[in-house]
1. Can you tell me the orientation of helix 43-75 relative to the chain, as the angle in degrees between its alpha-carbon axis and the longest Cα principal axis, to the nearest 10?
2. In whole angstrom, how far apart do the alpha carbon centroids of region 139-173 and region 199-223 sit?
3. Helix 140-170 versus the longest principal axis of the chain: what angle, 0 to 90°, nearest 10, using Cα atoms?
4. Against the empirical 2.2 N^0.38 Å scaling, what ratio does the C-alpha Rg of region 248-306 come to?
5. Specify the angular offset, from 0 to 90 degrees and rounded to the nearest 10, of the alpha carbon long axis of helix 88-117 from the longest principal axis of the alpha carbons in the chain.
6. Mind computing the radius of gyration and Dmax over the alpha-carbon atoms of region 240-395? Å is fine for both.
7. For the chain, taking Cα atoms only, what is the radius of gyration to one decimal and the Dmax to the nearest whole Å?
8. Using mean Cβ contacts within 10 Å as the protection proxy, how do 330-337, 293-300, 373-380 order, highest first?
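Values quoted throughout were computed directly from the atomic coordinates according to the rules given, and no laboratory measurement underlies them. Treat the numbers as computed from the prediction; the structure is a model and nothing was measured. Cβ coordinates were reconstructed from backbone atoms using ideal geometry, including for glycine residues, and neighbour counts include every protein chain displayed.
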């Protein structure tokens, strides 16, 4: 059997790449559907869901490279003639479906890969590469943009595959013209294609359809709004007014760190450089829980099993500010989810005139607040939650 194509038959490499691509596509589709519909209420369920998603992503990326090789090979090969070239409408449809298949076979896995690379944590790829991509930032906005493409083009690919299969079945069952057998291995098909010319109209129609799909996918991705209505926090009286501040948390999911931030919080700070009995003052921090953004797991984090933002919209940290052997210590109580737990956070402070720069970090245990009770296995959702705070404050006048 010849490696390359001829006017009457497909070569062995073309056949191999065709069936390997088909196998990967028909494997990736059900894996993605199954993963989407799996529950993740417990550690075991989350582990299973992540495994199926990892398999889906790995198969998809493999399909991308196989499809790329297939297309590059096809560009340099003679294309076997259509056995039913005299049927102009069928010939047009066959050419159109091939163009729809070729491009969507690349865009579907590539858009999924870009979405994965822009997402923090969760369901790694089972390849020695691929969890990150050059020039692709870890960004929910970028991830959602390519998720829109992936959503639309999976539909384009699914329809193209179904129509392609339907056409192949027609050739085999109704026409009995050997079209399907030409793509299988074995003795060559004796039928000789009639003389024919190829129109560019299927290419232009496919380009128009892809332009519509790209526009739709982009619109869906850009329309995703991850902002949520947050509670209005009352203004606080403070001796030091926060000018800029960052309140972040980092959690581990499947041993991958995911960092998020609270966009809305207040701090009432009373601090004097000269301590009295080792006490410099006190602070009360009020946090709008609903203002948390934690990548693709934000909704899961705000749900009842974790922060339960609907029931407990705010958290409060009230502490006495003390001197420590190195730096300072915020010694107080964190009220979260209806639990009040003693917390001591060490922090560094630099004061220059009326401007203060503060940084602090502490690791909390989610189990102290009965968060994620269904995730008893730390390998799926870590027990520790790293909290970091950095702010610049100015001394209030008077």
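1. The angle comes out near 40 degrees.
2. 12 Å
3. 20 degrees
4. 1.58
5. In the chain, helix 88-117 runs at an angle near 20 degrees to the longest axis.
6. Every Cα atom of region 240-395 included, Rg and Dmax give 16.0, 50 Å.
7. Radius of gyration, then largest Cα-Cα span, for the chain: 29.6, 100 Å.
8. 330-337, 293-300, 373-380
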